[in-house]
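The values are calculated or read from the model by the stated rules, or taken from the named source; none is laboratory data. Fair warning: this is a prediction, and the values are worked out from it, not measured in the lab. A quick note on method: Cβ atoms are made from the backbone with ideal geometry, for glycine too, and the neighbour counts reach across all protein chains shown. What goes into the accessible areas is simple: the full protein's heavy atoms, side chains included, and nothing from ligands, DNA or RNA. Shrake-Rupley method; radii C 1.70, N 1.55, O 1.52, S 1.80 Å.
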Amino acid sequence: MRDFIPGWDRAYPVPAPRPDPRFSEQVTHDVAAVLAAHGFPPVINDFDWGDLDQALAAFLYEDRK
């Protein structure tokens with residue numbers, strides 16, 4: 001959301017380049033490792049991997065409507 005509070009522009013979400021080489025499977029694995037290191041359950045299920053990947057993409061990129 002831009003201009004929610006004047007002068008507090010947010011860095012995310014960013015425009016979504018297609019494809020974005022920065023957003024790789026390794027990014028998702030690194031985030032999962034950080035979460036596990038902080039005591040969250042490890043990501044081991046394929047459905048959880050997919051959900052984490054989608055959640056990261058939703059946070060990172062603007063929705064193109």
Q) Helix 46-60: angle to the longest alpha-carbon principal axis of the chain, degrees 0 to 90, nearest 10? A) 20 degrees
(Q) Check which residues have an amide H placed less than 5 Å from TYR61's amide H, if you skip close sequence neighbours. (A) VAL14
Q) What spacing in nm lies between the two simple spin-label points modelled at ARG22 and ASP48, each 7 Å away from Cα in the Cβ direction? A) 2.8 nm
Q. For the chain, what ratio Rg/Rh do Cα atoms give with a Kirkwood hydrodynamic radius?
A. 1.05
(Q) With every protein chain kept in place and ligands, DNA and RNA left out, what is the accessible area per residue of the chain? Probe 1.4 Å, answer in Å². (A) 85 Å²
Q) Relative to the longest principal axis of the chain, what angle (0 to 90°, nearest 10) does the C-alpha long axis of helix 25-37 take? A) 70 degrees
